[in-house]
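S.K.: Structure below; questions to follow.
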Amino acid sequence: MADIQDWVFFHGWEILALGKVISLFIVSRFVGILSIERRPFLYLFQFKRGILSKDILIALIIFILGIIIIGDPLHVKTSEINIYQIISTFIGQIIFYGTDALLILALNEYLPIKKGDWVYQVILFSLISFFVQRSVFLFGIRWEADVIFSLILVFYLLRFRGEFVWLHSLVVIIFLFAPLATFFGLDPILGNRFSLFTFTNRVGALEVGVFTLMTLFYLKKKSKNSLTF
């Protein structure tokens, strides 16, 4: 049993990513019923990309620099860098956040809700996603509340400037949350077991939550078509 647990733990992101992809495929069969498109998810990829805003890049730089300054990372001395684990963790992060974001995008495209309910949907879906993943994958060693704030930001950006698009969320996943988890140890499954750096000061829900709220406030002020909270 110990060997099985170790195998599941060290291959956690591969297992979780595979489960998320299969789940999204199954859900896509039901989403297809709601759409007149023969391939609804392909349609979303083609026509819901959006145009990258410089405000997103500014907010992203401030976010990651702020976390690094507060956390004061220290390089982890190791005899061998596990390239495979780094790649699987990075890709796993993209799939972890991206599949849920794509599902929300599809639901709001083919089964739209009222505009005023959007912020409640973001919070509710973030909480559901977090607790479901934490309950399903019991061997993760760092399922902390900062993941909830990360999900909130990713989902919020699906509707940045009022239009549902996926590019902003993908940029934040690839250049913010995936690197923080992979290289700095904010990994909900593996923690800092394989990261190149570790924070000497604690970085958790409080720190990520504060920067998430700051980012949302900044983007709301910059957006002429921002949502009403």
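S.K.: What is the one condition in (1) modelled with pLDDT under 90; (2) of a type outside the set (Asp, Glu); (3) farther than 28 Å from PHE9 by Cα that GLY140 does not satisfy?
M.R.: Every listed condition holds for GLY140 apart from (3).
S.K.: Considering ILE26, ILE86, ILE70, ILE94, which residue is among the aliphatic types (A, V, I, L, M) and more than 25 Å from VAL172 (Cβ to Cβ)?
M.R.: ILE26
S.K.: While we're on this one: Test LEU158 against the criterion of being closer than 24 Å to GLN46 by Cβ, at pLDDT below 95 and within 15 Å of the chain's Cα centre (by Cα), and give yes or no.
M.R.: yes
S.K.: Only one of these is farther than 30 Å from VAL31 by Cα, in contact with a helix residue (DSSP H, G or I) (Cβ under 6 Å, 6 or more places away or on another chain) and part of a helix (DSSP H, G or I): LEU60, LEU65. Name it.
M.R.: On the way: LEU65 fails: in contact with a helix residue (DSSP H, G or I) (Cβ under 6 Å, 6 or more places away or on another chain).
Result: LEU60 is the single residue among LEU60, LEU65 that is farther than 30 Å from VAL31 by Cα, in contact with a helix residue (DSSP H, G or I) (Cβ under 6 Å, 6 or more places away or on another chain) and part of a helix (DSSP H, G or I).
S.K.: If you take the residues of segment 206-229 that are small (Gly, Ala, Ser) and modelled with pLDDT under 95, which of them is farthest from LYS77 (Cα to Cα)?
M.R.: SER226
S.K.: In segment 87-146, how many are charged (D, E, K, R), outside any helix (DSSP H, G or I) and without any contact (Cβ under 8 Å) to a residue 24 or more places away in the chain?
M.R.: The number of residues fulfilling the criteria is 1.
S.K.: Considering (1) surrounded by fewer than 22 Cβ atoms within 10 Å (Cβ to Cβ); (2) modelled with pLDDT of 95 or more, say which one SER169 fails and leave the rest.
M.R.: SER169 satisfies all of (1) surrounded by fewer than 22 Cβ atoms within 10 Å (Cβ to Cβ); (2) modelled with pLDDT of 95 or more except (1).
Yes/no matrix, rows are residues, columns are (1) surrounded by 16 or more Cβ atoms within 10 Å (Cβ to Cβ); (2) not aromatic (Phe, Trp, Tyr):
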position	(1), (2)
GLY71	yes, yes
LEU74	no, yes
GLU80	no, yes
ILE83	no, yes
ILE86	no, yes
PHE90	yes, no
ILE95	yes, yes
ASP100	yes, yes
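S.K.: A follow-up question, please. Scan segment 153-169 and tell me whether some residue there is over 19 Å from LYS220 (Cα atoms) and either part of a loop (DSSP other than H, G, I, E, B) or aromatic (Phe, Trp, Tyr) (or both).
M.R.: No, that holds for no residue.
S.K.: Tell me which residues, restricted to segment 43-52, are touching a helix residue (DSSP H, G or I) at 6+ places or on another chain (Cβ under 7 Å) and not in a helix (DSSP H, G or I).
M.R.: Selection gives LYS48, ARG49, GLY50, LEU52.
S.K.: Please find, within segment 1-30, the residue that is surrounded by the fewest Cβ atoms within 10 Å (Cβ to Cβ) out of those that are modelled with pLDDT of 80 or more and among the small types (Gly, Ala, Ser).
M.R.: Top of the filtered list is SER23.
S.K.: Follow-up. Could you please find all residues in segment 102-127 being of a type in the set (A, V, I, L, M, F, W, C) and at pLDDT 95 or above?
M.R.: Of everything in segment 102-127, just one residue is of a type in the set (A, V, I, L, M, F, W, C) and at pLDDT 95 or above, namely LEU127.
The values are calculated or read from the model by the stated rules, or taken from the named source; none is laboratory data. Remember, it's a predicted structure, so these values are computed and weren't measured experimentally. In this analysis, Cβ positions are derived from the backbone assuming ideal geometry, glycine residues included, and neighbour counts consider all displayed protein chains.
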